[in-house]
Amino acid sequence: DVQAVNGMDKVYLWRNGICVDTKELNATTDRTTLTFKTTVPAGEHVWYSYTAVDSNGKWAASNPIWVDVKGYPDVQAGAWYYDAVMDVTDKGLMNGTGDGSAFSPNMTLTRGMAATVLYRMSGETTGVAAEAGTTFSDVSAGQWYAEAVDWAADNGIVTGYNGKFNPNANITRQDMVTMLYRYAQYKQDDVSQTNDLAAFTDKDSIASYALDSMKWAVGEGILTGRTTETLVPKANLNRAEFATMVSRYLA
């Protein structure tokens, strides 16, 4: 709210010392409510201030207001996965990709990413990077996911293929559900809530090893179909879907 005895002429909005918007009030003496809308790259720390000028050229400035901008430029408020992405980010379970500024919601999730998030969820520090290589020939101690893979293998949450973990391979919906199901068992959660999957026309395409975990995930509301009638169990899982699954599981 702004008002000036001599009439309010202009109000300037400043961000980090740069004027980013101006409202023209044409020397009105009425009390006026102003709304400014701005866009700031997510992850930045910025400050805002206002300068008000009356019709005689007298001015007043507000103290700066510091703002910690959360989120990612590629995750817009209103997106179906927005709340889940913010949830897993706030919990420190998932970070941005590349330089960290983008979340890449449509990027396919890899097995290394999945193991790392589950490791963070566990709160454990028992993974030993050097030991991962003795279990899987394609995981070396210097890899960012090595400790997580070692921990997950030790606790029966992940298994490999012919002695390899394939950390950079894309993970399917049924494989991710299987890992999360094993994680729930590791945490000694109640996994008795299930769904018979009768509503899904592609239930017979679910691999036998993933059937119990898919029934559990659907029964718990952790996983929903790609459509009302299909689960598409062998489709690759993207980061937005994974964030949503994790957020639902932790709710």
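The values are calculated or read from the model by the stated rules, or taken from the named source; none is laboratory data. Remember, predicted model here, so these are calculated numbers, not experimental data. Don't worry about glycine lacking a Cβ; one is built from the backbone with ideal geometry, like all the others, and counts go over all protein chains shown. Side chains included, ligands, DNA and RNA excluded: accessible areas come from the protein's heavy atoms. Shrake-Rupley method; radii C 1.70, N 1.55, O 1.52, S 1.80 Å.
Annotations for the structure displayed:
- If you go through segment 117-142 and pick out every residue that is aromatic (Phe, Trp, Tyr) and over 26 Å from residue 90 (Cα atoms), you end up with 1.
- When segment 71-85 is filtered for residues that are touching a strand residue (DSSP E or B) at 6+ places or on another chain (Cβ under 8 Å), aromatic (Phe, Trp, Tyr) and under 10 Å from residue 240 (Cα atoms), the ones remaining, listed by number, are 81, 82.
- Checking residue 201 against (1) within 22 Å of residue 84 (Cα to Cα); (2) open to solvent by 20 Å² or more (accessible area, probe 1.4 Å), the condition it does not meet: (1)
- Test: residue in segment 159-179 that is open to solvent by less than 30 Å² (accessible area, probe 1.4 Å) and of a type in the set (D, E, K, R): yes
To keep it simple, each residue is scored yes or no on (1) in contact with a Lys or Arg (Cβ under 7 Å, 6 or more places away or on another chain); (2) over 28 Å from residue 72 (Cα atoms); (3) of a type in the set (A, V, I, L, M).
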{"site": "111", "(1), (2), (3)": "no, no, no"}
{"site": "132", "(1), (2), (3)": "no, yes, yes"}
{"site": "139", "(1), (2), (3)": "no, yes, yes"}
{"site": "150", "(1), (2), (3)": "no, yes, no"}
{"site": "155", "(1), (2), (3)": "no, yes, no"}
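For every residue, the table says whether it meets (1) modelled with pLDDT under 95; (2) out of contact with any helix residue (DSSP H, G or I) (no Cβ under 7 Å at 6 or more places or on another chain).
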| site | (1), (2) |
| --- | --- |
| 92 | yes, no |
| 97 | yes, yes |
| 102 | yes, yes |
| 105 | no, no |
| 108 | no, yes |
| 132 | no, no |
| 143 | no, yes |
| 173 | no, yes |
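- Look at segment 222-233: where a residue is at positive phi and a partner is open to solvent by 70 Å² or more (accessible area, probe 1.4 Å) and of a type in the set (Lys, Arg), sitting 6+ places away or on another chain with Cβ atoms under 7 Å, you get 232/226.
- Some residue of segment 171-182 being among the acidic types (Asp, Glu) and either in a helix (DSSP H, G or I) or in contact (Cβ under 8 Å) with a residue 24 or more places away in the chain (or both): yes
- Hits in segment 143-154 (condition: under 26 Å from residue 188 (Cα atoms) and either open to solvent by 60 Å² or more (accessible area, probe 1.4 Å) or in a helix (DSSP H, G or I) (or both)): 146, 147, 148, 149, 150, 151, 152, 153, 154
- Taken over segment 108-129, the criterion of being surrounded by fewer than 18 Cβ atoms within 10 Å (Cβ to Cβ) and either in contact (Cβ under 8 Å) with a residue 24 or more places away in the chain or assigned to a helix (DSSP H, G or I) (or both) is satisfied by 108, 120, 124, 126.
- Residue in segment 130-142 that is most open to solvent (accessible area, probe 1.4 Å), counting only those that are outside any loop (DSSP other than H, G, I, E, B) and within 16 Å of residue 161 (Cα to Cα): 134
- Summed over segment 204-244, residues that are over 27 Å from residue 79 (Cβ atoms) and either part of a loop (DSSP other than H, G, I, E, B) or open to solvent by 70 Å² or more (accessible area, probe 1.4 Å) (or both) total 6.
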